[in-house]
Amino acid sequence: MSEETAEVDTRELGEKIVKVLKTIYDPEIPVDIYELGLIYDVLVNEDNDVKILMTLTSPNCPVAETLPVEVEEKVKSLNLVKDAEVEITFDPPWTQDLMSEEAKLELGLL
């Protein structure tokens, strides 16, 4: 496979992953985790292994146990994804500044 084809495939897969992430909601806030800014990075290697670096709204978030598992399982359910791993970080800590304009509008912060 040429490098260009691999890049296109990776980009397409990245877009599919983002679509899946936009179906996952923080139970306390009616906005998906992607628009909330909880996803810091999505890495896809040439083997279609996916690593997602994400945070939670707080270290004491009630879904700290279940949300990363849900993210992992939904991303793994994509046909092209071989494996998925979610890493939680609190560096930098999440703030409302990380939310998209859409999320801020939805929550009445604009």
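Observations, loosely collected:
- Note on region 76-86: residues that are touching a residue at least 40 places away in the same chain (Cβ under 8 Å) and open to solvent by less than 80 Å² (accessible area, probe 1.4 Å) total 2.
- ILE24 surrounded by 12 or more Cβ atoms within 10 Å (Cβ to Cβ), without any contact (Cβ under 8 Å) to a residue 40 or more places away in the chain and on the phi < 0 side of the Ramachandran plot: no
- Scoring GLU73 on the criteria (1) open to solvent by less than 60 Å² (accessible area, probe 1.4 Å); (2) closer than 21 Å to GLY14 by Cβ leaves a single failure, condition (1).
- Of the criteria (1) more than 26 Å from GLY108 (Cβ to Cβ); (2) at pLDDT below 95; (3) surrounded by fewer than 16 Cβ atoms within 10 Å (Cβ to Cβ); (4) of a type outside the set (Lys, Arg), which one THR89 fails: (2)
- Residues that are of a type outside the set (D, E, K, R) and assigned to a loop (DSSP other than H, G, I, E, B), drawn from region 28-42: ILE29, PRO30, VAL31, ILE33, TYR34, LEU36, GLY37, LEU38
- Scan region 92-110 for residues that are open to solvent by 90 Å² or more (accessible area, probe 1.4 Å) and either over 28 Å from THR10 (Cβ atoms) or not acidic (Asp, Glu) (or both) and the total you get is 5.
- Answer residue from region 66-110, given it is touching a Ser or Thr at 6+ places or on another chain (Cβ under 9 Å) and part of a loop (DSSP other than H, G, I, E, B) and is nearest to GLU35 (Cα to Cα) among those: TRP94
- Top-ranked residue of region 27-70 - restricted to ones that are without any contact (Cβ under 8 Å) to a residue 24 or more places away in the chain and under 20 Å from ASP9 (Cβ atoms), ranked as most open to solvent (accessible area, probe 1.4 Å): LEU43
The values are calculated or read from the model by the stated rules, or taken from the named source; none is laboratory data. Since the structure is predicted, the reported quantities are computational estimates derived from the model, not experimental observations. Heads up, the Cβs are rebuilt from the backbone with ideal geometry, glycines too, and the neighbour counts pull from every protein chain shown. Note: areas computed on protein heavy atoms with side chains; ligands, DNA, RNA excluded. Shrake-Rupley method; radii C 1.70, N 1.55, O 1.52, S 1.80 Å.
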